[in-house]
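Visitor: Input: one structure, supplied below.
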Amino acid sequence: MKTIIEPFRIKSVEPIRMTERPERERLLAAAHWNLFGLRAEDVIIDLLTDSGTGAMSSEQWAAIMRGDESYAGAKSFGRFEEAAQRRTGFEHVIPTHQGRAAEHLLFAVYGGAGKRVLNNTHFDTTRANCEASGARAVDLPGPAGEDTTSDAPFKGDIDLVALERELAEHGDAVSLVMVTITNNAGGGQPVSLACLRKVRELCDRYGKPFFLDACRFAENAYLVQQRETGCSGRSVAEIAREAFDLADGCTVSAKKDGMANIGGFLACRDADLAARLRQMLVVTEGFPTYGGLAGRDLEAIAQGLDEVVREDYQEYRHASIRYVVDRLHAAGVPVLRPAGGHAIFLDAARFLPQIPWNEYPGQALAAELYLAGGIRSCEIGSLMLGRVDPDSGNELPAHHELVRLAIPRRTYTQSHMDYLIEVVLDVHARKEALRGVGIVWQPAVLRHFSAHFEPLAKTAAV
Ligand SMILES: *Cc1c(COP(=O)(O)O)cnc(C)c1O
């Protein structure tokens, strides 16, 4: 049959509270126009993030009942460690309460003043942890990612020419090379195996460690299977394993392709590095056999790492995202193409060309999607990723002004996607009337989570 269905049936449901625009206008104003400030029950379809928001399977819930909550040497750790070793091939697996805690440990080793960390695009927490250590986080997105309209298959690839130049010019300062799969901040776009092989070669040539930010390793593997020459006959698990085999280690948020609601880990091949990381783990996270997680969480992740590489699951997940992207594109909505792994990205710069980057077109669009249809999305643009240039002190825009509609795993159905399309088209039909937002208050780091905004009555002349 041609119809790709959700490869599951629903055993437990969570009601959605319906709201109307006037109520949503009051709620958004009370949240200072920051969607993170809304109560989840005031959202109709919550696409803020795909992180920890997915539905667990009946097998995961069953595994939770098997959770062994012993402080040291719990059976659940054994199952978790074995599942992560089998999936990644890395011998040393260090559990953390989520991905950023793994990053914190990694940069305690590889960060520090004067160091440079290279990445296709640092995710916000990765950049924050890297910079908090005193190191500089250098983004090297590939040229294909610049054009949000082209159908290039691997827009997540790191810029290999820039990577080689960095290694040649700043060889001594570069402490770590990372590649984020899929490239979350770059639109959920995949990284090819060909690119990872080149990164491995360069890291060998310059003697640098190479880590994957592997939060969405299975989605990346599925897109490689679909798009990379010679990969169509290979399984998602096999392709994912080849990516891990090329690296020295990885950080993972289990809230993404771990299919769990909490958790993460760091894994590596080097026993000395693992011993150092475990020492720090005891101080900040917990004993090495639980690392900030309950035994039941370790069980859910162990099961999730098996379910995430199933072909029918990946096929359904990508089909539902592609469905929305294709419909919106056909209707003339500027949407990042080709469809990425975990989200639909609206190109707010092209959607709202009347709003300059420093009036945050992505935030303005995200606010209107909520007002129009109760959809909660997330700006990934100059609000989240804009930064102060360490040399000049000026605020710099991000590479793109995007609004991310992240799709939680196994949570929403086809009719929710149809509703989403209707809301986006409704806003698109009124796009000329939208105005930017100004920042009224912001914290020093990770400002998008808590900044206060006000709608600007009139967009200033650019
Ligand atoms: C979510 C994410 C992280 C951080 O993981 P948390 O579990 O949210 O702390 C790091 N890198 C990428 C690419 C992510 O998507």
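Visitor: Filter the range 341-365 down to residues that are closer than 24 Å to C215 by Cα and touching a Ser or Thr at 6+ places or on another chain (Cβ under 6 Å) and give me whichever is surrounded by the fewest Cβ atoms within 10 Å (Cβ to Cβ).
Guide: Per the criteria, the residue is D347.
Visitor: Return a yes/no flag: does the range 124-131 have any residue that is within 16 Å of the ligand (Cβ to nearest atom), over 18 Å from the mean Cα position of the chain (by Cα) and at pLDDT 95 or above.
Guide: Yes: the range 124-131 contains one or more residues that are within 16 Å of the ligand (Cβ to nearest atom), over 18 Å from the mean Cα position of the chain (by Cα) and at pLDDT 95 or above.
Visitor: For residues that are part of a loop (DSSP other than H, G, I, E, B) and under 24 Å from the mean Cα position of the chain (by Cα), scanning just the range 423-458, find the one that is surrounded by the most Cβ atoms within 10 Å (Cβ to Cβ).
Guide: By that ranking, first place goes to A451.
Visitor: Condition test on D147, is it in the same structural domain as S175 (by TED's automatic domain parsing), modelled with pLDDT under 95 and out of contact with any strand residue (DSSP E or B) (no Cβ under 6 Å at 6 or more places or on another chain)? Before you say what the answer is, go through the steps one by one.
Guide: Values: in the same structural domain as S175 (by TED's automatic domain parsing): yes; modelled with pLDDT under 95: yes; out of contact with any strand residue (DSSP E or B) (no Cβ under 6 Å at 6 or more places or on another chain): yes.
In short, yes.
Visitor: Same structure again: Applying the selection to the range 244-265, what residues are more than 20 Å from E307 (Cα to Cα) and either within 16 Å of the ligand (Cβ to nearest atom) or among the polar types (S, T, N, Q) (or both)?
Guide: A247, G249
Visitor: Here is a follow-up. Go through the range 245-270 and count every residue that is buried (at least 24 other Cβ atoms within 10 Å of the Cβ) and among the charged types (D, E, K, R).
Guide: Here the count works out to 3.
Visitor: Checking Q303 against (1) away from the ligand (no atom under 16 Å from the Cβ); (2) within 29 Å of M65 (Cα to Cα); (3) surrounded by fewer than 22 Cβ atoms within 10 Å (Cβ to Cβ); (4) of a type in the set (S, T, N, Q): exactly one of these is not met. Which one?
Guide: (3)
Visitor: Can you tell me which residues in the range 63-100 are under 14 Å from G304 (Cα atoms), among the charged types (D, E, K, R) and surrounded by fewer than 22 Cβ atoms within 10 Å (Cβ to Cβ)?
Guide: Answer for the range 63-100, where residues must be under 14 Å from G304 (Cα atoms), among the charged types (D, E, K, R) and surrounded by fewer than 22 Cβ atoms within 10 Å (Cβ to Cβ): R79, E81, E82, R86.
Visitor: From L27, L38, L48, grab the single residue that is in contact with a Cys (Cβ under 7 Å, 6 or more places away or on another chain) and touching a residue at least 12 places away in the same chain (Cβ under 8 Å).
Guide: L48 is the lone residue from the list that is in contact with a Cys (Cβ under 7 Å, 6 or more places away or on another chain) and touching a residue at least 12 places away in the same chain (Cβ under 8 Å).
Visitor: Find the residue count for the range 197-244, including only residues that are surrounded by fewer than 17 Cβ atoms within 10 Å (Cβ to Cβ) and under 18 Å from the mean Cα position of the chain (by Cα).
Guide: 0
Visitor: Another question, then. Tell me which residues, restricted to the range 168-226, are more than 13 Å from the ligand (Cβ to nearest atom) and in a strand (DSSP E or B).
Guide: Selection gives V174, S175, L176, V177, F210.
Visitor: Which numbered condition trips up V117, out of (1) part of a loop (DSSP other than H, G, I, E, B); (2) surrounded by 24 or more Cβ atoms within 10 Å (Cβ to Cβ); (3) in contact with a Lys or Arg (Cβ under 8 Å, 6 or more places away or on another chain)?
Guide: All conditions pass for V117, except number (1).
Visitor: Here's another thing I want to ask about it. What is the number of the single condition among (1) within 16 Å of the ligand (Cβ to nearest atom); (2) part of a helix (DSSP H, G or I) that R241 does not meet?
Guide: (1)
Residue-wise test of (1) outside the structural domain of V93 (by TED's automatic domain parsing); (2) modelled with pLDDT of 95 or more; (3) hydrophobic (A, V, I, L, M, F, W, C).
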position	(1), (2), (3)
M1	yes, no, yes
I4	yes, no, yes
I16	yes, yes, yes
E25	yes, yes, no
A30	yes, yes, yes
L38	yes, yes, yes
V43	yes, yes, yes
S70	no, yes, no
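Visitor: Just give me the residues in the range 154-167 being over 21 Å from F123 (Cα atoms) and either of a type in the set (K, R) or within 22 Å of the chain's Cα centre (by Cα) (or both), in sequence order.
Guide: R165
Visitor: Would you check if there is a residue in the range 111-121 being farther than 25 Å from P397 by Cα, more than 16 Å from the ligand (Cβ to nearest atom), touching a helix residue (DSSP H, G or I) at 6+ places or on another chain (Cβ under 7 Å) and at pLDDT 95 or above?
Guide: No, the conditions are met nowhere in the range 111-121.
Visitor: Separate question: I'd like the full set of residues that are of a type in the set (D, E, K, R), more than 16 Å from the ligand (Cβ to nearest atom) and part of a loop (DSSP other than H, G, I, E, B), limited to the range 37-55.
Guide: Once the filter is applied, which keeps residues that are of a type in the set (D, E, K, R), more than 16 Å from the ligand (Cβ to nearest atom) and part of a loop (DSSP other than H, G, I, E, B), the range 37-55 yields only R39.
Visitor: What pairs come out if I take residues in the range 215-228 that are touching a residue at least 40 places away in the same chain (Cβ under 8 Å) and within 11 Å of E311 (Cα to Cα) and pair them with residues that are hydroxyl-bearing (S, T, Y) and within 13 Å of the ligand (Cβ to nearest atom) whose C-beta lies under 7 Å away, six or more apart or interchain?
Guide: What qualifies is E219/T182.
Visitor: If you go through the range 278-292 one residue at a time, how many are within 16 Å of the ligand (Cβ to nearest atom) and aliphatic (A, V, I, L, M)?
Guide: Residues meeting the conditions: 1.
The values are calculated or read from the model by the stated rules, or taken from the named source; none is laboratory data. Not measured: the values here are computed from a predicted model. Quick reminder, even Gly has a Cβ in these numbers, built from the backbone with ideal geometry, and neighbours come from all protein chains shown.
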